[in-house]
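The values are calculated or read from the model by the stated rules, or taken from the named source; none is laboratory data. What you see is a predicted model; the values in this text were computed from it and never measured. Don't worry about glycine lacking a Cβ; one is built from the backbone with ideal geometry, like all the others, and counts go over all protein chains shown. Just so you know, the surface numbers come from the protein's heavy atoms only, side chains and all, with ligands and any DNA or RNA stripped out. Shrake-Rupley method; radii C 1.70, N 1.55, O 1.52, S 1.80 Å.
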Amino acid sequence: MEPTGAGNGRRLVAAVRRLPRTVREDMWTGAADPLPRMGEPGWPVWRPVSWMVLVMFAVTIAVMNVNVSGEEGGAVTWHAVLLAAFQSAALVAAMSRPLPAWWASTVLMVVATLVSEPLISRDTLYPWTIPGIALQSLVLFLVASRVRPWTAVRTLTLTFLAGVACTGFATQSHNYDVDRAAPFFLVATVLGAALRGIRVARGQLVVQAELTAEERSRRTVAEERNRIARELHDVVAHHMTVISIQAQVAPHLVENPSGELRENLASIRENAVEALTELRRVLGVLRSEDALSEGVRHAPQPTLDRLEELVGTVRGAGIAVVTEWSGERRPLSPGVELSAFRIVQEALSNVMRHAPGAQVRVETGYHSSAVTVRVTNTAPDRPAAPSPGLGHGLLGMRERTAMLGGDFANGPTAEGGYEVVATLPLEDPV
């Protein structure tokens, strides 16, 4: 086994060897890195300076640099104008390519300083003039707002070293301002790095919020499907129990039943009991995490016969509900009965939560091949209270309807209310 000290030493040596390549990749990249657009997710309150304003600022800096050169050297030379124009162009380029622009700005500053140094007086700020400090500070700010913090520290350090190097090559004494320019450069870099940190943090929060909402949606779908599965299980279990009992009683209803008949009925009962046992095992797994009481778990599933009872409860909560029945009322299959009742129940719950003071109409129509339930409410008479959490009423209605092969529609009405319509076929979907 390798000693811990030796392993740490190897990792340190590898990190040192990788350092030049890492610095080169960070500092010599020419990839475009434009500022985020205004209002982009993750971008903080600070808004990027428009191109027009930045160009005007760059032109102003160029004019000030030329004026300073003219004041010191007398007549303005062509190379002074050219260097001032290139420095201002580097500032504009920092909006889209911050690192190349910083390199250009720093190199141009060194060249301009070395060229003009013999001509400037000893009282003039050196190596940066006041316009030069403003320009370099803004470039450092734009760099730090887009690159990693360590890269921003490197650019700041190299900027200071460039200024110190210029003072070392001076041929005469000057009014050195490296120490006075340092606070401006440092503040610009810190502000840019802080701004980038805020932007990155907000971007991560946006991504995390999207992931959380997606996970919550998946969990909601799973919970709703589990609830539907439990209710359908109860319906199937009821029929399997009836089959088992009928198979057990049938031989006693026939005088002198044959052995073959007894054997077939016993086989039917045995299969029914076995299927019922498996269904109860599945139900136990699905209900193992429920917080419901035993009485609620094993209560009979509701049907449309209890719709008036449900409506009465809603009326007791202060909601005006009108019911309307059409077609010939008749018993439906347990799955259709349960789904129709639950859809009306969820629709009424949504009205109570989201449309306070609205009037509701519940229509149930029996047709030859389907049953239709329609719940319509008028516009609310006051704003609804904020609803905590993510509801899944509409999702549950849609799931139930799709499970039976029916059609589901929902949406606002022309009068400002809301409508839910579900058509459930009486025959099982193929």
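Please indicate, with yes or no, whether at least one residue in the range 174-186 is at pLDDT below 85 and more than 38 Å from the chain's Cα centre (by Cα). Looking for residues that are at pLDDT below 85 and more than 38 Å from the chain's Cα centre (by Cα), one finds at least one in the range 174-186, hence yes. Of the candidates 382, 374, 398, the single residue that is modelled with pLDDT under 90 and surrounded by 14 or more Cβ atoms within 10 Å (Cβ to Cβ) is 398.
Does residue 265 satisfy being surrounded by 13 or more Cβ atoms within 10 Å (Cβ to Cβ) and at pLDDT below 75? So that I can check it myself, show each step before the final result.
Details: surrounded by 13 or more Cβ atoms within 10 Å (Cβ to Cβ): yes; at pLDDT below 75: no.
So residue 265 does not fit the description; no.
Does residue 170 qualify as being in a loop (DSSP other than H, G, I, E, B), of a type in the set (Gly, Ala, Ser), in contact with a Phe, Trp or Tyr (Cβ under 8 Å, 6 or more places away or on another chain) and surrounded by fewer than 24 Cβ atoms within 10 Å (Cβ to Cβ)? Yes.
Screening the range 173-193 for residues that are open to solvent by less than 50 Å² (accessible area, probe 1.4 Å) and among the small types (Gly, Ala, Ser) and picking the one that is nearest to residue 148 (Cα to Cα) gives 193.
Looking at the range 327-365, which of its residues are more than 19 Å from residue 401 (Cβ to Cβ) and either of a type in the set (S, T, N, Q) or open to solvent by less than 60 Å² (accessible area, probe 1.4 Å) (or both)? Quick ask: steps written out before the conclusion?
Going through the range 327-365, the residues more than 19 Å from residue 401 (Cβ to Cβ) turn out to be 328-331, 352-361.
Correct list: 355, 356, 357, 358, 359, 360.
Scanning the range 310-342 for residues that are touching a residue at least 60 places away in the same chain (Cβ under 8 Å), of a type in the set (S, T, N, Q) and farther than 12 Å from residue 372 by Cα gives a single hit, 333. What do you reckon, is residue 332 over 17 Å from residue 311 (Cβ atoms), touching a Leu at 6+ places or on another chain (Cβ under 7 Å) and of a type outside the set (Gly, Ala, Ser)? Considered against the rule, which asks whether it is over 17 Å from residue 311 (Cβ atoms), touching a Leu at 6+ places or on another chain (Cβ under 7 Å) and of a type outside the set (Gly, Ala, Ser), residue 332 comes out as yes.
Of all the listed residues (161, 114, 108, 142), the sole one being of a type in the set (A, V, I, L, M, F, W, C), out of contact with any His (no Cβ under 8 Å at 6 or more places or on another chain), under 21 Å from residue 194 (Cβ atoms) and not in a loop (DSSP other than H, G, I, E, B) is 142. Can you find a residue in the range 207-215 that is over 30 Å from residue 404 (Cα atoms), open to solvent by 60 Å² or more (accessible area, probe 1.4 Å), part of a loop (DSSP other than H, G, I, E, B) and not hydroxyl-bearing (Ser, Thr, Tyr)? No: zero hits.
Annotation: residue 278 fulfils all but one of (1) closer than 30 Å to residue 402 by Cα; (2) modelled with pLDDT of 75 or more; (3) loosely packed, with under 14 Cβ neighbours inside 10 Å; the unmet one is (2). Return the pair list, or none, for Cβ contacts closer than 7 Å from residues in the range 243-259 that are in contact (Cβ under 8 Å) with a residue 12 or more places away in the chain to residues that are assigned to a loop (DSSP other than H, G, I, E, B), at least 6 apart or on different chains. If the second residue must be assigned to a loop (DSSP other than H, G, I, E, B), the pairs left are 251/257.
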